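A short write-up of the structure that comes next.
The values are calculated or read from the model by the stated rules, or taken from the named source; none is laboratory data. As the structure is a computational prediction, the values presented were derived from the model and not from experiment. No Cβ is skipped: glycine too gets one built from the backbone with ideal geometry, and neighbour counts run over all protein chains shown. Each accessible area value is taken on the protein alone, full model and side chains, heavy atoms only, with ligands, DNA and RNA left out. Shrake-Rupley method; radii C 1.70, N 1.55, O 1.52, S 1.80 Å.
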Amino acid sequence: MKKRIEKLLETEFSLNTTVLFLFSIITIVLLLIVGTQLFYIDKKLSLNSIDSKINSIAYNIQTSIKSSEKIHFTTIELLTSINQKDNFKLYINTLKNLNSAYAVYTGYEDGSFYEIINLDIDENLRNKYKATPKDKWLHIKIDGKNITKREVSLYDEELNLNTSRIEENNYNPTQRPWYKLAIENQDPIKTPPYKFSHIDTSGLTYAKKLNNSKDII
């Protein structure tokens, strides 16, 4: 009798162990399946979220570029319509309203050149033209009748003249990418990025002919 009871107990214990073992295995498998699904879903949601953010950033950049282009093309049209003999204040006021622009200038067929530069745009500009921290605006004039010289003037924020000097000149506006491209077109143009002539950086220019002439703003 005792042996029979022990045998039954051993059988019951063995059965309980087997059931518990099988239950544990099933539980582990289910946890792995659920965990894998949750990881996959979470990863997919994360990727979708990243993709959505990238698309949003790309859209904002494209919108910003289009808006900027529209502003610059409109500005060029306006400048060509009101261009006058002395564009000093006109060009400065233009730069004050275009934070991304470093200069406004006009190149003439005879090699004359008239430019206003915002020195705050790039520190290299200050180094190039020996400007002090008090200097805000740079005015460059080249007379086509004496193209080997240029007049360089530095002004402060209130447009007070700080210094003025005559320098040697080897700059010819008619040889620049913006001039050549604008000459070939009646409508305003935007150049591809190109290397600037006076500082070690690149940029692009919006330009248009003045009154169907070969003078470019």
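Checked against (1) surrounded by fewer than 19 Cβ atoms within 10 Å (Cβ to Cβ); (2) closer than 23 Å to Glu168 by Cβ; (3) over 19 Å from the mean Cα position of the chain (by Cα), Ser81 passes all but condition (2).
So is Thr174 under 30 Å from Lys70 (Cα atoms) and open to solvent by less than 80 Å² (accessible area, probe 1.4 Å) or not? Judged against the criteria, Thr174 is a match. Check whether at least one residue in segment 180-193 is without any contact (Cβ under 8 Å) to a residue 40 or more places away in the chain, among the hydroxyl-bearing types (Ser, Thr, Tyr) and in contact with a strand residue (DSSP E or B) (Cβ under 6 Å, 6 or more places away or on another chain), and report yes or no. No, segment 180-193 has no match at all. Out of Leu90, Leu119, Leu154, which single residue is open to solvent by less than 80 Å² (accessible area, probe 1.4 Å), more than 18 Å from Ile216 (Cα to Cα) and within 27 Å of the chain's Cα centre (by Cα)? None of the others qualify; the one that does is Leu119. Summed over segment 122-144, residues that are among the hydroxyl-bearing types (Ser, Thr, Tyr) and either open to solvent by 10 Å² or more (accessible area, probe 1.4 Å) or at pLDDT 95 or above (or both) total 1. The requirement of being loosely packed, with under 11 Cβ neighbours inside 10 Å and more than 20 Å from Leu90 (Cα to Cα) is satisfied by Asp187.
Considering (1) open to solvent by 70 Å² or more (accessible area, probe 1.4 Å); (2) within 23 Å of the chain's Cα centre (by Cα), the lone condition that Leu161 does not fulfil carries the number (2).
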